[in-house]
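Here the structure is laid out as structure tokens; the discussion comes afterwards.
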Amino acid sequence: MHDTSAPYRHEENSIAEREVGVEKEGVRANLVQAGLPPIYWPLAGPHFAFSLNIEEPLDGGESPWA
């Protein structure tokens, strides 16, 4: 489950903005590691989101997918 923020609450907006930043950084890293040009951004985005969703947490819990 993803974090949400309330409209017009600047304190909570940072939570949503950070989640977007994590996604963008991950997609960029996927493209660089694969050696692909930016035109593959639409394919790298869903790939990163799915990979993040099936990753097991470091604390030994279950992944969000499970």
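By how many degrees, between 0 and 90 and to the nearest 10, does the Cα long axis of helix 41-54 differ from the longest principal axis of the chain?
Relative to the chain, helix 41-54 is tipped by roughly 60 degrees.
On average, how much accessible surface per residue is there in the chain, in Å², for a 1.4 Å probe, leaving out ligands, DNA and RNA?
On a per-residue basis, 85 Å².
With mean projected area of the Cα convex hull in nm² in mind, check (i) 5.8; (ii) 3.8; (iii) 4.3 and report the label derived from this structure.
Recomputing mean projected area of the Cα convex hull in nm² here gives the entry labelled (i).
Between 0 and 90 degrees, rounded to the nearest ten: what's the tilt of helix 10-34 against the longest Cα principal axis of the chain?
In the chain, helix 10-34 runs at an angle near 10 degrees to the longest axis.
Between Gln33 and Asn53, how high is the FRET efficiency from 1/(1 + (r/R0)^6) when r is the Cβ-Cβ distance and R₀ = 25 Å? Nearest 0.05.
According to the calculation, E is roughly 0.85.
Rounded to the nearest percent, how much of the accessible area of the chain (1.4 Å probe, protein heavy atoms only) is carbon and sulfur?
Solvent-exposed carbon and sulfur of the chain make up 59 percent of the total.
What full-extension length gain, to one decimal in nm, is calculated for Arg9 and Ser63 as 0.36 nm per residue of separation minus the Cα-Cα distance?
So the extension gain works out to 16.5 nm.
The values are calculated or read from the model by the stated rules, or taken from the named source; none is laboratory data. Just so you know, these numbers come straight off a predicted model, no measurement behind them. Here Cβ is always computed from backbone atoms with ideal geometry, including for glycine, and neighbour counts include all displayed protein chains. Accessible surface is based on the protein model in full, side chains and every heavy atom, while ligands, DNA and RNA are left aside. Shrake-Rupley method; radii C 1.70, N 1.55, O 1.52, S 1.80 Å.
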